[in-house]
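The structure appears below as structure tokens.
The values are calculated or read from the model by the stated rules, or taken from the named source; none is laboratory data. Not measured: the values here are computed from a predicted model. Note that we place each Cβ from the backbone using ideal geometry, even for glycine, and neighbour counts take in every protein chain shown.
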Amino acid sequence: MNDHILDSEVQQYINHHLNDDVHKIAMAKSPFPEVSSKELANQIAAKNKSVRKLPAWYHQELIYYPLLLSIEQCSSESTAAYKATLATGETLIDLTGGFGVDSFYFAKRLKSVTHCEINEELSAIAAHNATALKQTNIQFLATDGIAHLENNELQFDNIYIDPARRSQSGKVFMLKDCTPDVVQHLDLLLSRARRVIIKTAPLLDISAGLKELKNVTEVHVVSVRNECKELIWIVERTAAEKVKIVCTTLNEEEKTFSFFKGEEDSDAEITAAPLQKYLYEPDTALLKGGAFQLIASRYQLQKLHSQTQLYTSDHIVPEFPGRRFHINGLISATELKKEKDLRANVIARNYQDKAELLVKKYKIKSDNHRFLIFTQSKKDGYLIIDATIEQHY
């Protein structure tokens with residue numbers, strides 16, 4: 001950690017050049033003998049990456065940014081704040097502390113937090129930033145979190161761990177393919193805390209994760225702006241009779257859809273009637289949770305098709321986690337070809353062509369309100385729905 005980056009003139013330079021090309025800054029001669037051009041470029045790039053992801057850090061003076069990769073991999077403020085609500089009691093140890101965003105938000109809710117980070121520089125950076133942000137109840141240890149538990153008889157109310165995938169190749173992975181190996185060390189973790197909170201990438205299959213882990217009581221599927229950000233696994237010393245799946249969308253308004261594992265297998269009514277007044281498209285968190293049929297029964301909706309995760313009704317469901325459209329009617333391919341200056345957003349669900357191809361085929365320009373939904377229903381087969389969006393994610 002280069003303390004000269006915190007010098008007032010260096011900080012002024014960084015703030016003054018936030019809109020400049022970081023590649024040019026990295027290649028140019030640094031105006032400061034103690035700070036390299038590469039360091040300046042990284043501070044600027046990392047700070048820019050934090051504008052929306054970490055606004056508290058971005059707007060705080062004298063924040064020291066790590067390598068850009070650490071900013072890209074850390075939790076956002078919204079997801080970190082959500083995870084903090086899952087902690088119980090007064091104490092927590094974060095075994096994979098990183099940049100410290102999760103520890104910071106846990107510390108806002110708990111009496112004390114221990115942040116473990118094996119990278120000494122990253123540990124020092126996280127400690128400095130906590131001081132700048134005036135969060136004083138975090139202890140920072142530059143050590144391997146698992147080793148720290150193994151070498152001490154410490155007890156905590158919560159353990160938090162964010163294991164990293166060893167290999168980034170391929171989309172399918174298992175917890176045993178991550179570092180630290182949570183599966184291998186789970187007994188140790190449960191011997192030191194009543195509750196273990198595990199964060200994983202959303203690519204991990206929920207059913208596969210439940211087979212690898214024991215004593216899972218809850219799985220939280222968290223999305224922001226219809227992008228599934230992470231899975232959070234709650235493991236406790238006492239196994240639950242049923243695992244609770246919680247699908248949460250973190251937008252302007254937080255919405256939650258929860259159910260117990262097994263409930264998602266309930267049958268949904270597939271509509272054979274004409275389309276109704278509204279069309280509902282579930283958020284990706286619900287789709288990851290897998291409750292395709294339960295969505296329909298819970299909100300009294302009808303599915304268009306067994307393989308189409310779109311739903312219709314004549315009533316408004318404001319608490320629905322996803323988008324709601326007002327259906328203007330059906331439109332034929334022939335009518336689309338005749339329409340001049342065609343403007344709409346395109347959705348393709350269980351359709352013979354992908355959205356990108358349809359945009360090119362019909363020369364469709366973007367529009368903020370009108371949507372053309374290419375899909376399939378039990379009653380009409382392939383169809384094109386002309387709709388207006390009423391509720392965003």
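Observations
- Flag for Ser30 being surrounded by 15 or more Cβ atoms within 10 Å (Cβ to Cβ) and either of a type in the set (Phe, Trp, Tyr) or free of Cβ contacts under 8 Å to residues at least 24 places away in the same chain (or both): yes
- Index of the failed condition, Ala193 passing every other in (1) touching a residue at least 40 places away in the same chain (Cβ under 8 Å); (2) closer than 16 Å to Val101 by Cβ; (3) buried (at least 18 other Cβ atoms within 10 Å of the Cβ): (2)
- Taking the conditions (1) outside any helix (DSSP H, G or I); (2) of a type in the set (Lys, Arg); (3) buried (at least 16 other Cβ atoms within 10 Å of the Cβ) in turn, Lys47 satisfies each one other than (1).
- Segment 200-250: number of residues that are among the small types (Gly, Ala, Ser), in contact (Cβ under 8 Å) with a residue 24 or more places away in the chain and either outside any loop (DSSP other than H, G, I, E, B) or in contact with a Phe, Trp or Tyr (Cβ under 8 Å, 6 or more places away or on another chain) (or both): 4
- Qualifying position, being touching a helix residue (DSSP H, G or I) at 6+ places or on another chain (Cβ under 8 Å) and either of a type in the set (A, V, I, L, M, F, W, C) or more than 21 Å from Leu372 (Cα to Cα) (or both), among Leu310, Leu304, Leu342: Leu342
- Residue that is surrounded by fewer than 24 Cβ atoms within 10 Å (Cβ to Cβ) and closer than 27 Å to Ser223 by Cβ, where the choices are Ser112, Ser76: Ser76
- Going through (1) in the same structural domain as Leu190 (by TED's automatic domain parsing); (2) of a type in the set (A, V, I, L, M, F, W, C); (3) surrounded by 13 or more Cβ atoms within 10 Å (Cβ to Cβ) one by one, Ala239 falls short only on (3).
- Scanning segment 222-256 for residues that are among the acidic types (Asp, Glu) and within 14 Å of the chain's Cα centre (by Cα) gives Glu227, Glu230, Glu254.
- For segment 84-130, a residue qualifies if it is more than 26 Å from Met1 (Cα to Cα) and of a type in the set (Asp, Glu), and exactly one does: Glu90.
- Residue count for segment 261-282 under the criterion of being at pLDDT 90 or above and either charged (D, E, K, R) or assigned by TED's automatic domain parsing to the domain that holds Val219 (or both): the result is 3.
- When the helices (runs of 4 or more DSSP H) confined to segment 89-184 are screened for residues that are touching a residue at least 60 places away in the same chain (Cβ under 8 Å) and over 23 Å from Lys211 (Cα atoms), those reaching at least 3 such residues are found at 120-132.
- Of the residues making up segment 287-307, those that are in contact (Cβ under 8 Å) with a residue 60 or more places away in the chain and assigned to a helix (DSSP H, G or I) are Lys288, Gly289.
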